[in-house]
Structures are given as structure tokens and as C-alpha cells.
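Structure first, then comments.
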Amino acid sequence: MATAPGPFPPGDHDVVVIGSGPGGLQTSYALRQLGVAHAVLSADTEPGGMFRRYPIFQRLVTWTKIHAPVERGTRAYERYDWNSLIGDEPAHRALVPEGMDGTSYFPARAEMEAGLVAFAERAAIEVRYDCRWESTRHEDDRFVLTTSDGEYRCKVLVVAVGMNEPWVPTMEGIELAAHYAQTSRPKEYAGKRVFLLGKQNSGFELADGLLPWAKQLILASPRPARISVLTHSTAAARARYLQPYEDHVLGGGCFVLDAAPEKIEKTATGYRVHAKGTTRPGDLVFEVDEVIAATGFRTPLVDLPELGVATFYSGRLPAQTPFWESPSVPGIYFAGSVTQGAIGLKKYGIPSNSAAVHGFRYNARVLARHIAEHHFGVPPMREPIAPSDAVGQLLEAATNAPELWNQQSYLARVIEADGSGGAVDVGIVPLSHFVDSDGADAIAVTLETDATGDIHPAVYVRRGDAVGEHLLPGDTLLRFDTGEHRAQLTSVLHGLFEKELP
Amino acid sequence: MERGDIVETLASFALFADLSRPELEAVAHMFEEEFVPVGKRVVRQGFGGTGFYVIVEGEASVVVDGTERAKIGRGDFFGEISILLDEPPTADVIALTALRCVVLPRAALASWLIHTPTVSYRLLQAMARRLRNATAWRN
């Protein structure tokens with residue numbers, strides 16, 4: 001069979017990355033910076049991943065602040081630009097705001113897609129497009145991937161395929177519902193009664209978009225809606241989609257109900273949905289014109305579960321170690337939004353932002369370094385620093401480091417004792433790895449938001465076998481380099497880097 | 001495990017034995033599922049902000065100051081003492097096998113117990129059993 005033209009022909013490769021969405025692009029970029037040869041394959045024809053299709057209502061829920069308190073293109077700016085991929089060179093940074101027209105705090109889907117295309121072009125990320133991954137097997141110490149272009153053999157597989165395959169729960173008549181992904185143009189819903197299964201972001205996004213069109217909107221799922229400003233988390237209905245909720249609270253034409261939908265039936269003119277109330281018990285029946293399942297997505301893992309890759313969350317996500325590796329099939333890693341399956345500490349119930357670009361772009365950098373060190377002999381990053389600088393550097397990180405702000409209680413900056421009275425900067429590490437593994441005496445700093453909504457630095461110190469937690473104070477203006485912070489951290493660090501006596 | 005299977009599994013646990021089907025559906029949606037690889041800690045002694053966990057599948061070790069104090073498994077729960085007393089956990093819980101848990105964030109536990117008295121009663125029973133076992137030396 002003749003090999004189709006394009007980069008990365010079938011054959012042997014050290015690493016194969018699957019996916020050309022933001023997760024695949026960021027991983028490829030980071031691997032290249034470390035000199036790890038790899039092939040990138042994608043079933044799509046262009047970069048962009050899910051942003052080539054979603055969100056349905058065309059504007060993202062993640063912000064990019066064009067006029068930010070810090071200069072665009074700096075590391076500190078990344079905290080205000082949740083959508084651009086991250087680059088080591090200025091020309092590769094902050095590409096999403098470049099293409100935004102300035103009329104919204106949130107990029108349009110097309111602006112996001114253009115930002116990703118620009119990143120792939122300027123950073124010259126090569127991808128073999130139109131190459132569909134079809135099956136996987138293990139042969140000796142290699143994974144063999146069958147694709148539409150032929151067979152690829154690799155030592156390390158990185159799956160960055162997104163969580164983008166429509167998922168619906170088991171329920172009588174569920175096949176009568178359209179999935180979120182099949183939502184029609186808004187005006188098709190003009191004057192109709194629409195039942196939405198699901199009260200997460202996708203449900204509220206549709207409700208918000210259909211509010212001016214639909215005659216009546218009913219959102220239902222068993223548990224009460226969670227609202228981001230109350231849960232201090234992006235994994236809840238976001239502020240920008242709350243108009244339908246306000247309609248509900250003020251008695252407008254929208255219902256946001258806690259009810260377990262049980263059955264959907266076809267009627268002469270539309271659909272009948274049966275549900276049972278949860279917060280307020282009782283049988284509910286709705287006569288509607290349209291039913292949409294805003295019930296989320298799953299990861300298209302092809303045949304990886306048969307290869308032994310453990311999954312959870314109704315099979316929608318692969319289980320992962322703190323370094324995003326399958327615990328049941330070592331050598332298979334995950335990147336992009338799939339990394340939300342590595343839960344981390346989830347303090348106060350707040351998950352990481354690994355489901356979104358502003359979280360997983362940092363995971364990709366840590367993942368690439370982990371792969372480089374553990375599979376390809378790249379020496380670990382160990383920048384010597386003066387112990388007297390440790391406090392200042394850790395507090396600077398707590399105040400400005402975008403990894404810590406965007407991945408609270410998930411990624412941490414680590415400084416380790418070198419055993420001879422000095423200190424080394426180990427860089428950014430998954431917090432759950434730091435607190436659960438042995439190693440030299442060391443300190444990790446991250447940020448956390450507690451139950452009251454207070455954001456403050458959290459410091460973890462490993463001395464011998466034990467790791468202790470120390471919380472530093474919050475600050476009204478989120479400055480964590482005050483005299484009080486300095487004094488407390490100095491006390492926590494006391495003696496950590498002193499040379500051990502023989 | 002499918003969502004429906006989670007509901008069935010939760011229904012088989014003593015803690016949820018008195019809940020109706022819609023209440024169980026709500027519980028299955030309210031709790032979030034976590035997978036913990038073997039050897040990893042689920043909660044950590046002395047670390048704040050942890051949740052209330054129920055083991056759905058697998059076995060875990062309860063370790064205090066490095067010493068194993070108990071083994072727990074399917075249907076057992078942990079994390080409630082830390083939440084009820086608003087103190088960090090007094091033990092590590094470590095996965096002895098790959099562990100599937102469902103977890104409720106700490107902020108949600110109090111209102112859930114107040115609104116679901118049958119679960120509170122079952123929880124009290126389990127805690128009474130633990131207290132009895134802990135004080136058995138007096139007899």
C-alpha cells in the first residue's frame with residue numbers, strides 16, 4: 001500500500017501523540033523543547049480539536065482579558081488569558097487575544113480556533129492529519145497502532161483526543177432525545193417547549209442561548225445546580241449562563257428543577273417526559289416539543305479498555321496516576337482535557353482546571369518533562385538556588401506563577417535540599433505526587449481556595465518520611481509577598497536546607 | 001461502572017438502605033466518582049479540605065502515624081469525623097487495591113445529613129458500632 005504524503009509516515013517512533021487539539025499541540029511543543037522525537041497523528045484535517053465544533057453558541061466560557069494588569073505576552077499574563085497555548089518564545093505566546101475583536105471578555109469559537117491554528121503555524125507543529133487511529137495492541141515493549149494510513153509502533157503513547165464523544169445515560173426513551181452536539185439553530189426552537197436534561201454548563205449554555213427563542217425551558221437533573229460563584233470552581237454553571245436561573249428564581253418562563261428523569265415517550269405532537277422530584281419529592285410529567293440531552297461527553301478511547309486501560313465515571317474517563325499515566329497499562333499517557341481524570345487533592349471539593357485549556361496546558365509541560373526523564377534519559381531540571389533566596393522565590397511564585405493560579409491544589413513549585421547545605425529548584429510538580437512520594441527534604445508551594453472562598457498559599461514540607469501542611473494567610477488584594485508571609489514561610493522553612501551531619 | 005450500576009451499588013450499602021430510588025439518583029449525581037491507583041493516599045493525615053468518601057469497590061488501609069489501624073472496603077465510609085469536627089483528618093487512608101470511591105465535598109455534607117435524616121441515623125449507627133469496638137477493652 002502506498003504511503004500517503006505528509007509528516008510522520010507509518011513505522012517506528014519513540015512517542016506517538018494522538019490529537020491535534022490544544023492538548024496535542026501543547027504536548028508536541030513541550031516534547032520538542034526537550035528534544036524528544038515524536039509523531040503527532042490526527043483524524044481531523046486541521047488543528048483546533050473540539051473548538052472546531054463547540055461550543056454550540058459560539059462563544060467560550062473561558063476568559064481572555066485584552067487589557068490586563070500585566071503586560072501581554074509575559075508569564076504573569078497567562079493568568080488573565082485562559083485560552084492561548086503557552087510558548088517559550090515571545091512569538092508563540094498570547095496568540096488568542098491577537099485575533100480577538102475586543103467586543104467581549106470571552107473569545108468567539110472562531111477566534112479560539114484561529115489562535116490554535118496560529119500557534120501550530122508559528123511554532124511549526126507538524127501533524128499528520130486525516131490519519132485515524134483504529135486499534136491498538138501490545139507487542140514486546142511497543143504499542144502498535146493501526147491507523148487509516150498504516151501501522152505505527154511506539155514506546156510511549158500519548159492520547160490527547162479530548163472528551164468529545166457524546167454521552168447519554170441509560171434511560172427509557174433516551175434515544176428520542178437529541179444530544180447537545182446535535183442542537184439545531186436557535187430559531188428552529190422559536191415558540192417551542194424545550195426540555196433539557198442536565199444542569200451543568202452545557203445545559204445552562206443551551207438554556208441561555210435558547211432563552212429568546214423557546215416558549216418554555218425546563219432544565220432537570222437529580223441534584224441541585226451548582227453555581228461557580230458559590231462553589232468557587234469552574235466545574236459548575238458559570239456566571240455568564242445564569243440568566244435562565246434568574247428567570248427560574250424570579251418566576252419567569254424557565255424551570256430549573258431537581259428531578260430524576262425516568263422516561264421519554266413520543267406523543268402525537270412532541271414528547272412526554274416523566275421525572276421524579278428529588279429535593280422536593282413528587283411525580284412530574286412534562287409535555288414538550290423538543291428534548292435535548294446536555295449530559296456531557298466521554299473520551300473516545302477506541303480499544304484501550306480492552307488492552308487493559310482502567311476507566312471510571314461510567315467509562316467516560318481513563319484512570320490516571322499523578323503524571324497522567326494509565327496505572328493499569330504503563331507507557332500510555334493522557335494529555336489535554338482527558339487529564340481531568342487525574343483528580344489530585346481536590347481540596348474543599350474544588351477540582352483542578354485540567355478539563356480546560358488554562359489548566360491542561362501546564363499539565364502538558366509537566367508531562368513532557370516526565371516522559372523525557374523517565375523514558376528518554378533527559379536529565380531532570382535541578383537549577384541550584386541560594387537557600388536564602390528560597391522564601392522570596394516561593395512567595396513570588398505564589399503571587400504570580402500562572403501554573404499555581406490556574407491549577408490550585410494541583411500543581412506546585414518545588415524546591416529541594418541538595419543534601420550539602422544548598423537548594424535546587426525542581427520546577428513544577430503535581431502536588432499529589434509531591435505529598436505522596438519519598439524523596440529529599442523539600443518544600444512545595446501551591447494556592448488553594450477554602451470553603452469561605454479565601455485564596456491563600458498552601459505550603460507542604462517534607463522532612464524525612466513525613467509531609468506537613470502549612471497554610472499561609474490570605475490577602476485582600478491577593479499579594480502573598482508581604483512581611484507577614486515572609487516571616488511565616490521563613491519559620492516553616494527553618495533548617496530545611498541545612499547540611500545533614502554525617 | 002455505568003451510572004445505573006452506581007445507583008444499584010449504593011442501594012446495597014447500609015448507609016443508603018432507606019433511600020427511595022429518586023433519592024439514590026440524586027445521591028449518585030451529588031457524589032463524584034474517584035479512581036485511586038493502588039498505593040496512593042485518598043485522604044492524608046493533617047491535610048485540610050478533604051471530603052466524605054464511600055468505597056464502591058476495593059480495599060483501603062487506615063493508617064495513623066505510620067501504623068495500620070484498620071482495613072476498610074466496599075460500603076465503608078470515611079472523612080466524616082474531619083468534617084463534623086472541622087479538623088484535618090487524623091489518619092491516612094491508603095488504597096490497598098485499585099479503589100473506586102464516591103466523594104461528597106465537605107461543604108455539602110452537613111446540609112445533606114440535615115435533609116436526609118435516615119442517612120444520618122445509619123451514620124450514627126455505624127459510628128456507635130465503632131465507638132463500641134473502640135471501648136470494648138472496658139469490659
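Taking 20 Å as the cut-off, the amide N atoms of the stretch A:419-448 that come nearer than this to a point 7 Å along the Cα-to-beta-carbon line of A:ARG382 belong to A:419-430, A:433-445. Overall shape: prolate for the stretch A:403-488, with the ratio a/c of the largest to smallest alpha carbon gyration tensor axis at 1.5 or above and a/b above b/c. Applying 1/(1 + (r/R0)^6) with R0 = 22 Å to the Cβ-Cβ distance of A:GLU89 and A:ARG479 gives a FRET efficiency near 0.15. With both residues required to sit in chain A, DSSP beta bridges show an antiparallel share near 65%. Phi angles across the stretch A:94-104 convert, under the Karplus curve 6.51 cos²θ - 1.76 cosθ + 1.60 with θ = phi - 60°, into 3J(HN,Hα) values of 6, 7, 5, x, 4, x, 7, 8, x, 8, 9 Hz, Gly and Pro given as x.
Taking other residues whose beta carbon is less than 11 angstrom from the beta carbon of B:LYS40, and scoring Lys, Arg as +1 and Asp, Glu as -1, yields -1.
The phi torsions of the stretch A:199-214, fed into the Karplus equation with coefficients 6.51, -1.76 and 1.60 and a -60° offset, translate into couplings of 10, 9, 4, 5, x, 5, 4, 5, 4, 5, x, 8, 3, x, 9, 5 Hz, rounded to whole numbers, with Gly and Pro shown as x. For a modelled paramagnetic label at A:ASP389, 7 Å from Cα along Cα-to-Cβ, the residues of the stretch A:413-455 in reach, with backbone nitrogen under 11 Å, are A:423-425.
Suppose a student asked you for the relative contact order of chain A, using Cα pairs under 8 Å spaced at least 6 residues apart; what percent would you report? It would help to have the intermediate numbers written out before the result.
Working: 1113 pairs, mean separation 63.9, N = 502.
Relative contact order here is 13 percent.
Residue by residue, the stretch B:13-22 carries 3J(HN,Hα) couplings of 8, 3, 4, 9, 4, 9, 7, 6, 4, x Hz when phi is fed to the Karplus relation 6.51 cos²θ - 1.76 cosθ + 1.60 (θ = phi - 60°); x denotes Gly or Pro. Inter-part distance, the stretch A:410-432 to the stretch A:118-171, computed on C-alpha centroids, equals 33 Å. The label-point distance for A:SER148 and A:VAL229, in a model that sets each label 7 Å from Cα toward Cβ, rounds to 4.6 nm. All Cα-Cα distances of the stretch A:194-333, cut into 5 Å bins from zero to the largest, leave 2, 9, 16, 17, 15, 12, 10, 9, 6, 3, 1 percent in each bin in turn.
Exposure proxy shown here: for A:TYR129, A:TYR410, the number of other Cβ atoms within 10 Å sets the order, fewest to most, as A:TYR129, A:TYR410.
Between B:ILE81 and A:VAL285, the simple spin-label model (points 7 angstrom out along Cα→Cβ) gives 5.1 nm.
Given their separation in residues at 0.36 nm each and the Cα-Cα distance between them, A:SER437 and A:ILE455 gain 3.9 nm when the chain is fully extended. Amide H contacts of B:ALA70: B:VAL62, each under 5 Å away and 5 or more positions distant or on a separate chain (H built 1.01 Å from N in the peptide plane; Pro and chain starts excluded). Each other residue within a Cβ distance under 14 Å of A:ALA178 adds +1 if Lys or Arg and -1 if Asp or Glu, for a net charge of -1. Largest first, the three principal axis extents of the alpha carbons in the stretch A:56-109 are 33, 20, 17 Å in whole numbers.
In what order do A:ASP208, A:ASP12 fall by count of nearby beta-carbon atoms within 10 Å, going from fewest to most?
Going from least to most buried by this count: A:ASP12, A:ASP208.
If you plug the beta carbon distance of A:TYR129 and A:GLU396 into 1/(1 + (r/R0)^6) with R0 = 30 Å, you get a FRET efficiency near 0.15.
Which FRET efficiency, nearest 0.05, do A:VAL70 and B:ARG74 yield, Cβ-Cβ r, R0 51 Å? So, using R0 = 51 Å, E works out to roughly 0.50.
Counting charges near A:VAL273 (Lys, Arg +1; Asp, Glu -1) among other residues having Cβ under 13 Å from its Cβ returns a value of -2. Given their separation in residues at 0.36 nm each and the Cα-Cα distance between them, A:THR45 and A:VAL249 gain 69.0 nm when the chain is fully extended. Going from the fewest other Cβ atoms within 10 Å to the most, the residues A:CYS254, B:CYS101 appear in the order A:CYS254, B:CYS101. Based on the convex hull around the alpha carbon atoms, chain A presents an average projected area of 26.7 nm². Can you tell me which lysines have their Cα less than 27 Å from the Cα of A:LYS192? Leave out same-chain residues fewer than eight positions away. Reachable lysines: A:LYS215, A:LYS263, A:LYS266, A:LYS276. Scattering from the C-alpha atoms of the stretch B:1-82 alone, worked out with Debye: what is log10 I(q)/I(0) at q = 0.15, 0.25 1/Å? Log-scaled intensity ratios, in q order: -0.60, -1.36.
FYI, it's all coordinate maths here, none of it is from the lab. Just so it is clear, the model here is predicted, and its values are computed rather than measured. Positions of Cβ are backbone-derived with ideal geometry, glycine not excepted, and every protein chain shown enters the neighbour counts.
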